[in-house]
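Notes follow the structure.
The values are calculated or read from the model by the stated rules, or taken from the named source; none is laboratory data. Here the structure is a predicted model, which means the values were calculated and not measured. Cβ atoms come from the backbone with ideal geometry, glycine included; neighbour counts cover every protein chain shown.
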Amino acid sequence: MSKVTDSVSTESRKVDHIRINLEKDVQFPRLTTGLEHYRFLHQALPELNLGEIDTSVSLLNKRLAAPIVISSMTGGTDMAYRINQNLATAAQAHQIAMGLGSQRAAIEKPELVHTYQVRNVAPDILLFANVGAVQLNYKYGPDQCQRAVDMIEADALILHFNVLQEAVQPEGDTNFAGLLKRVEEVCHQINVPVIAKEVGWGFSEQNVRDLANVGVSAIDVAGAGGTSWSEVEYHRAPTAFHARVAASFADWGIPTADAIQFAARAAPKLPIIASGGLRDGIDIAKCIALGAQAGGIASSFLKAADQSVEAVDQLIRELTSQIRVAMLCAGAKDIAALRQTPLLKI
């Protein structure tokens, strides 16, 4: 298949993915994040002033006003350009972090680069470039990864791991053999930190240990319980055979609450971004108490950004307020204190 044909199919996949996420129920049918099993011990006398609660946090040497990451979603289409501009404009206003969707389409077709570029509206947010880790087995290497970083002036690079999604796509790239060594080459040869990110099925403890050993700078656990990408692929399956295979994995994965704790045990010094099914600021606060530095949300942001900048702005304000109230009622004056706050398991 030629590069042009391949990039066209990449573009069409991206349109499908946006449309399906906006229009279909692609949540895990039964498997949950596990966060519902944890509760904060309510402090009726917190001896804190809500107005003085500090939600700021340092992530990859950049200060965020709140521990919120707009998780990587899209790029490569006109619709994606509008969504990314809306997300980035609001992220800049609130000084939170943002990831872009996989940049493979723009690496292969430079005229799509602008759909990922957001520095025009977000000059100083913590911004993540994004390349599929499996592409390192398909003629990608440090040069292509550096191109992804440079094209959007990113502060870090996400290498996303989506083995199940690729495996149930008829056109999927499924050679994940020997990938760790190639990840190590990228970590040592590009000029920004590398974040290893799952896409909704979580990393095991051994996965995190291996990735930490080859030089990744942070882990986004992206556990199970939110959007199931096997369900997304079920909705775009070209045949009944492919649909049945994808559907059988609807509840596969490591719940987010478990994935955070696996990562914290495997690499206690590595920053953890918690994502995968987070619903609100209370979920983000729980993730931080379990060991994360910040929480990432995708689906809610996608739906808000499809509406307007104002809808994204409102969502960020709601999340930040929920985090702040949770911190007050848990007796945590800042994020460092929140990370030391015990949770009740029920």
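Filtered by the rule that a residue be more than 19 Å from Asp16 (Cα to Cα), hydroxyl-bearing (Ser, Thr, Tyr) and within 16 Å of the chain's Cα centre (by Cα), region 226-265 gives a lone residue, Thr256.
Could you tell me how many of the residues in region 1-32 are assigned to a helix (DSSP H, G or I), modelled with pLDDT of 70 or more and either within 13 Å of Arg236 (Cα to Cα) or among the basic types (Lys, Arg) (or both)?
To start, the set of residues in region 1-32 that are assigned to a helix (DSSP H, G or I) comprises 3-23.
Filter again for modelled with pLDDT of 70 or more, leaving 12-23.
So of that shortlist, the ones also either within 13 Å of Arg236 (Cα to Cα) or among the basic types (Lys, Arg) (or both) come out as 12-21, 23.
Total meeting the criteria: 11.
Can you find a residue that is surrounded by fewer than 20 Cβ atoms within 10 Å (Cβ to Cβ), over 16 Å from Lys24 (Cβ atoms) and not aromatic (Phe, Trp, Tyr) anywhere in region 216-230?
Looking for residues that are surrounded by fewer than 20 Cβ atoms within 10 Å (Cβ to Cβ), over 16 Å from Lys24 (Cβ atoms) and not aromatic (Phe, Trp, Tyr), one finds at least one in region 216-230, hence yes.
Please tell me if Gln314 is part of a helix (DSSP H, G or I) and closer than 20 Å to Ala65 by Cα. Answer is yes for this residue.
Restricting attention to region 97-126 and to residues that are assigned to a loop (DSSP other than H, G, I, E, B) and basic (Lys, Arg), the residue that is surrounded by the most Cβ atoms within 10 Å (Cβ to Cβ) turns out to be Lys109. Inside region 180-228, residues that are among the aliphatic types (A, V, I, L, M) and within 19 Å of Ala154 (Cα to Cα) make up a count of 10. A residue that is touching a Phe, Trp or Tyr at 6+ places or on another chain (Cβ under 9 Å) and closer than 30 Å to Asp25 by Cα occurs somewhere in region 174-181.
For region 240-257, a residue qualifies if it is part of a loop (DSSP other than H, G, I, E, B), within 22 Å of Val208 (Cα to Cα) and either of a type in the set (A, V, I, L, M, F, W, C) or free of Cβ contacts under 8 Å to residues at least 60 places away in the same chain (or both), and the qualifying residues are Trp252, Ile254. Considering only residues in region 173-206 that are among the small types (Gly, Ala, Ser) and part of a loop (DSSP other than H, G, I, E, B), the one that is surrounded by the fewest Cβ atoms within 10 Å (Cβ to Cβ) turns out to be Ala177. Contact map, region 217-239: residues that are farther than 25 Å from Ala259 by Cα paired with residues that are modelled with pLDDT under 90 and part of a helix (DSSP H, G or I), Cβ distance under 6 Å, separation 6+ or inter-chain. Pairs shown: His235/Ile20; Arg236/Asp16.
Would you pick out the residues in region 30-51 that are loosely packed, with under 12 Cβ neighbours inside 10 Å and basic (Lys, Arg)? Full working, then the answer.
So the first thing to find is which residues in region 30-51 are loosely packed, with under 12 Cβ neighbours inside 10 Å, and the list is 30, 41-42, 44-45, 47, 49, 51.
Across region 30-51, the qualifying residue is only Arg30.
How many residues, within region 239-251, are crowded, with 17+ Cβ neighbours inside 10 Å and either in contact with a Leu (Cβ under 6 Å, 6 or more places away or on another chain) or under 22 Å from Ser204 (Cα atoms) (or both)? Number of matching residues: 3. Selection of region 252-284 for residues being of a type in the set (Asp, Glu) and out of contact with any helix residue (DSSP H, G or I) (no Cβ under 9 Å at 6 or more places or on another chain) yields only Asp258. The residues of region 42-55 that are of a type in the set (A, V, I, L, M, F, W, C) and touching a helix residue (DSSP H, G or I) at 6+ places or on another chain (Cβ under 7 Å), listed by number, are Leu48, Leu50, Ile53. Considering every residue within region 269-279, establish whether at least one is over 17 Å from the mean Cα position of the chain (by Cα), surrounded by 17 or more Cβ atoms within 10 Å (Cβ to Cβ) and in contact (Cβ under 8 Å) with a residue 60 or more places away in the chain. So far as region 269-279 goes, no, none of its residues is over 17 Å from the mean Cα position of the chain (by Cα), surrounded by 17 or more Cβ atoms within 10 Å (Cβ to Cβ) and in contact (Cβ under 8 Å) with a residue 60 or more places away in the chain. Considering only region 139-172, how many residues are part of a loop (DSSP other than H, G, I, E, B), surrounded by 16 or more Cβ atoms within 10 Å (Cβ to Cβ) and at pLDDT 95 or above? Number satisfying all stated conditions: 4. Total residues in region 287-310 satisfying the condition of being crowded, with 17+ Cβ neighbours inside 10 Å and either part of a helix (DSSP H, G or I) or among the polar types (S, T, N, Q) (or both): the figure is 12. Restricting region 57-66 to residues that are in contact with a helix residue (DSSP H, G or I) (Cβ under 7 Å, 6 or more places away or on another chain) and not in a strand (DSSP E or B) leaves a set whose member that is surrounded by the fewest Cβ atoms within 10 Å (Cβ to Cβ) is Ala65.
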